[in-house]
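Below is one structure; the comments refer to it alone.
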Amino acid sequence: MEDDITVTFEPEGKTVIASSHTLLELAQCANIGLRGECGGKGGCGKCKIKIVALNGVLNEPMKSERVHLTDDQIVEGYRLGCQTRLLSGRCTVYVPPESRTGKRLISGVGLDEDVPLEPLVRKFHLSLVPPTFDDTRPDRKRLEDALNKPVYVPLSILATLPTTLRTAGWDVTAALWNSRVIAVEPGDTTKEVFGAAVDIGSSKVICHLVSLATGETVASANAENPQIMYGEDVVSRITYASKRPEHLQKMQDLIISTVNRLLDAVCQKSGIPSEQVYELVFVGNSVMHHLFLGISPKHIGVAPFVPVTGSLESFPAKELGVRMNPEGMVTAVPLIEGYIGSDAVANLLITRIYQSEKVSLTIDIGTNSEILLGNNERIFACSAPSGPSFEGAHISSGIKAVTGAIESVTIEGDTLTYTTIDDAKPKGICGSGVIDLVAELFLADVITKTGKFRDLNHPRIIEDGVPKFVIAWNKETATDGDITITEKDINEFLLAKGSLNTGWTILSRHYGISPSDIDSIYLAGSFGTHIDIENAITLSLIPDIDRKQIFFAGETAVGGAKMVLKSVSERKQLPQILRSIVYIELSVEPTFNTVYIKSIPLSPK
């Protein structure tokens, strides 16, 4: 078309020909991993790119770009991908290492997820008697009699049943989900039965493929949640999805396509046809749950924060466009209340705190941190809006837990040492590294309890518009500059840790105990698995209890989803578990502001 423009992204060499969009949007079309934590609003500055060749016209630099880029950088060709459009012609764009999304560090499931194998999907090998003049039962009746129970047969199965039965010589396998026939296959395929467990997080999506014949996890894959381009937090996504029906459709399409890519990946890894995946069980917070199902999350975002449904729900895969057996079922684990979704229910399942007399705290740290406190008598739950600082966003040199991220920091005297993921040259600092850094700076007396630098003459503090503490000097890094942290960055982190601290402090008050009286703590998710316990306690991220009673639980959400996938018994106890939960909405909690303000500053232990 006459109005099409051409953009080539380096170093991949991928070229996109399209109508004028932002360079961030065009990068996403080309599957180029360009960061965009603020949802393309120009707020985070993470999508910095460089125009290395231009034969056309770009829009003028926006105000938001001048916040994140110096005049010299703009002259050199640096722009923000989310704010830059090629209006006509062609250009070549270089995406520097620090602006790239990388393969996320994902922990395994740290707790035992073994349950008695009793999936809702079952297969039956059947040898049917062919019809005769003396036996003219319809094919459907013949199948039902062989199964020896009444079943529901969808129209699509009925339409192909005559051909399948006769081609197979009446030797077939019927796959059932509960009493619903979801497949009739030639021969004996009873061992070829699989399901998928999916954790749909605000920033990442994890998929495990499970054999429902053995209970074994045969493959796994993960990806970034592409909805982040419309907001790094759930409130932004609610706002976008609620504006227009086509926005909601776009958000659903993004997550469905991501889940489909992950299903393709795990099936390819294991050599299993996608038609042999008969059930998918997914978990996620309330907003992710609604967006995946194509349900507007509008009323979750306004008081009194009510979801459309919170029950155990199942739908045919073909209704959602999920790439598995089309008559297979997609099952949504129940929600708790407000923003607390089925991922928190999965956390309860796998930690088993609802069965124990001991009072346990489960924390899934993320953009929206889910916190659960209780035992077999009662459980209190809340959602703490921690923001994306724990995942490296809103931190000037922050990145997610990808290759080259600084993941740990120690300071001894004047010596700072760090480690990076995959031992690669550093290109930023991720959440676990920020926790270590802030704790070490505080213990070394480099910063005050409010995160201010005490001595601007410190050898690692430079003046670059604002004072910056250098974590890694330019010559050490894979970027084109120093990796630093500012007082503003530290303040962002303190606000996030204050929110988390406030959550478990208020839950403890409701339960009637001091945080120090908590018997055990489970740290869920990849982030929780990689933090330093002593530094987390120094910063009051978690209560100060016996270190032996603090457990790294790993990816509990996908682990809990697998338990539901593999066990009918686990499904049956979900209503009882949900009845034991008391939801605390922090936004209307009378003591919230007082506790939050006290939770922000650092304090010596």
Neighbourhood net charge (15 Å Cβ-Cβ; Lys/Arg +1, Asp/Glu -1) for residue 54:
+1
For 571, 140, give me the order by solvent-accessible area with a 1.4 Å probe, most accessible first, ignoring ligands, DNA and RNA.
140, 571
Please give the peptides 205-215, 452-462, 326-336, 266-276 ranked by average Cβ packing (other Cβ atoms within 10 Å per residue), highest first, as a rough proxy for protection.
326-336, 205-215, 266-276, 452-462
What does the charge count near residue 230 come to, summing +1 for each Lys or Arg and -1 for each Asp or Glu among other residues with Cβ under 15 Å from its Cβ?
0
Residue 442 - accessible surface, heavy atoms, 1.4 Å probe, Å² rounded to 10:
30 Å²
Taking all pairs of different Cα atoms in segment 5-99, averaging 1/r and flipping that mean, what Kirkwood radius in angstroms comes out?
12.9 Å
Per the 1.4 Å probe, what fraction of the accessible area of the chain, in percent, lies on carbon and sulfur atoms?
51 percent
Would you mind giving the three semi-axes, in whole Å and largest first, of the ellipsoid equivalent to segment 139-243 according to its Cα gyration tensor?
40, 18, 11
In whole angstrom, the spacing between the Cα centers of segment 452-487 and segment 356-431 equals 22 Å
Residues meeting the amide H criterion for residue 173 (H placed from the backbone, H to H distance under 5 Å, 5 or more places apart or on another chain) are 126, 185, 187, 189
Computed [θ] at 222 nm, helices only, for the chain once each DSSP H run of length n ≥ 4 contributes -39500 (n - 2.57):
-8500 deg cm²/dmol
Ratio of the Cα radius of gyration of segment 194-332 to 2.2 N^0.38 Å, where N counts its residues:
1.04
Which ³J(HN,Hα) values, rounded to whole Hz and listed in residue order, are derived for segment 179-188 from phi using the Karplus coefficients 6.51, -1.76 and 1.60 in 6.51 cos²θ - 1.76 cosθ + 1.60 with θ = phi - 60°, glycine and proline given as x?
10, 9, 6, 10, 6, 10, 10, x, x, 9
Amide H of residue 56 versus every other amide H placed in the peptide plane: which residues, excluding those fewer than 5 positions away on the same chain, fall under 5 Å?
90
From largest to smallest, what semi-axes in whole angstrom does the chain give when each is the square root of 5 times an eigenvalue of its alpha carbon gyration tensor?
45, 32, 20
Equivalent ellipsoid semi-axes - Cα gyration tensor, segment 389-490, angstrom
20, 14, 13
Distance in nm between label sites at residue 247 and residue 580, each 7 Å beyond Cα in the beta-carbon direction?
4.0 nm
In the chain, what cysteines have no partner Cβ closer than 4.7 Å?
29, 47, 82, 91, 207, 267, 382, 430
Using the Karplus equation 6.51 cos²θ - 1.76 cosθ + 1.60 (θ = phi - 60°), what ³J(HN,Hα) coupling, rounded to whole Hz, does each residue of segment 572-588 give in order, writing x for Gly and Pro?
5, 8, 4, x, 5, 4, 4, 5, 7, 9, 10, 8, 10, 8, 4, 5, 10
What ³J(HN,Hα) values, in whole Hz, does the Karplus curve 6.51 cos²θ - 1.76 cosθ + 1.60 give for segment 504-510 when θ = phi - 60°, with x put for Gly and Pro?
6, 5, 5, 4, 4, 5, 5
Cα-Cα over 24 Å: which of 468/497; 41/488; 41/598; 63/250; 204/358; 298/497?
41/598; 63/250; 204/358; 298/497
Can you work out the base-10 log of I(q)/I(0) for segment 465-605 at q = 0.14, 0.18, 0.20 1/Å, using the Debye formula on its C-alpha atoms alone?
-0.90, -1.21, -1.33
Quick check: residue separation of residue 456 and residue 319 times 0.36 nm, minus the Cα distance between them. What number comes out in nm?
43.3 nm
Using a 1.4 angstrom probe, figure out how much accessible area the chain has per residue, in square angstrom, rounded to the nearest whole.
41 Å²
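The values are calculated or read from the model by the stated rules, or taken from the named source; none is laboratory data. Computed from a predicted model, the values in this text were never measured in an experiment. Positions of Cβ are generated from backbone atoms using ideal geometry, with glycine treated the same way; all protein chains shown enter the neighbour counts. All accessible areas refer to the heavy atoms of the entire protein, side chains included, with ligands and DNA or RNA removed. Shrake-Rupley method; radii C 1.70, N 1.55, O 1.52, S 1.80 Å.
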